[in-house]
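Here is the structure we will look at, set down as structure tokens.
Values in this text are rule-based calculations from the coordinates and carry no lab data. Since we're looking at a predicted model, the values are computed, not measured. A quick note on method: Cβ atoms are made from the backbone with ideal geometry, for glycine too, and the neighbour counts reach across all protein chains shown.
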Amino acid sequence: MASQVKSRETALEVSSKGPVRLRVVPVNATTAMMEIGVDYAQAPAPHLNYDADYCDVVQGRTGVTVVFGKLKAGSGQLRTKIEITFSEEHFFRQFWGTSRDLHRFLEQSTMRFALSPVESFSDTEKVQCLRSNNAFMAVLGEEAVLDFYYISPGDVHLVRQKQKKEIALDSVVRVVVSMSVLLELLDKCKPFAERLQDRFKEEEEP
């Protein structure tokens, strides 16, 4: 995940024992490129787990929201749901950008199965709202997992100011789904990513 930030500082690289790496490389006198990398092998496992068989993606006022829900067995009634919001930049660069190979694998997999349509859909007021800017996805057999994390802008600022040595990777939630639901989710993400593509491509141009 990389993004441009306005900066007059010299090059900076933070490589700690934790999962997050920070690298700032000056581009010119007024602009620097900030790159944040995550080693998921060292990432903490989220303590909150959610089993979902429903998904959606919606545009919100402050970003793109990924929705997961649990349907009442044999019906279109949602029992509960969680809403995880990404800024548009993190949705496009991290959530969408890092899932391209997995998306293609799911499209070609023979292990996925067709999902039955949700009929007579009924929403729920039992909602938990969360914020994320980093996600890890993996598939094993017919199951898939999405681990959501949050990197605090405050930690990044303090590290860049050399007032802190490490950037924390806060665990948000682990969502367990079938690989078919994950494919449905990524397919629903596509029109949002296509809409954002030109915007972020223009921002990267000098």
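Under a 5 Å amide H cut-off, with hydrogens placed 1.01 Å from N, residue 80 pairs with 70 among residues at least 5 apart or on other chains.
Phi angles across segment 121-132 convert, under the Karplus curve 6.51 cos²θ - 1.76 cosθ + 1.60 with θ = phi - 60°, into 3J(HN,Hα) values of 4, 9, 6, 10, 8, 8, 10, 10, 9, 10, 10, 9 Hz, Gly and Pro given as x. So, counting K/R as plus one and D/E as minus one, what does the shell of residues with Cβ under 12 Å around residue 178 add up to? So the surrounding residues net to -4. Only helices enter the 222 nm calculation for the chain: every DSSP H run of n ≥ 4 contributes -39,500 (n - 2.57), and dividing by all residues gives -7000 deg cm²/dmol, rounded to 500.
Taking 26 Å as the limit for the C-alpha separation, the pairs 70/190; 17/190; 81/190; 17/201 exceed it in the case of 17/190; 17/201. Rounded, prolate or oblate: which fits segment 33-88, taking a ≥ b ≥ c as square roots of the Cα gyration tensor eigenvalues, rounded meaning a/c under 1.5, else prolate when a/b beats b/c? Since a/c reaches 1.5 but b/c is at least a/b, the shape of segment 33-88 is classed as oblate.
The candidate values are (1) 60, 41, 38; (2) 60, 36, 35; (3) 56, 37, 29; the one derived from this structure for Cα extents along the principal axes in Å carries the label (2).
Here the extension length gained between residue 48 and residue 198 equals 50.5 nm, from 0.36 nm per residue of separation less the Cα-Cα distance. Among 160, 23, 61, the largest mean-square fluctuation in a Gaussian network model of the chain (Cα springs under 10 Å) belongs to 61. Amide H to amide H distances under 5 Å link residue 48 with 174, where only residues 5 or more positions off or on other chains count and H is placed in the peptide plane. Dipole size of the chain about its Cα centre, with +1 on Lys/Arg Cβ and -1 on Asp/Glu Cβ: approximately 580 debye, rounded to the nearest 20. Within segment 172-191, name every residue whose backbone N is under 15 Å away from a label modeled 7 Å from Cα of residue 143 along the Cβ vector. Zone members listed by number: 174-182. Specify which residue in the list 157, 47, 115 is farthest towards the positive end of the charge dipole of segment 44-204, using unit charges on the beta carbon of Lys, Arg (+1) and Asp, Glu (-1), about the Cα centre. Among 157, 47, 115, the one farthest towards the positive end of the dipole of segment 44-204 is 157.
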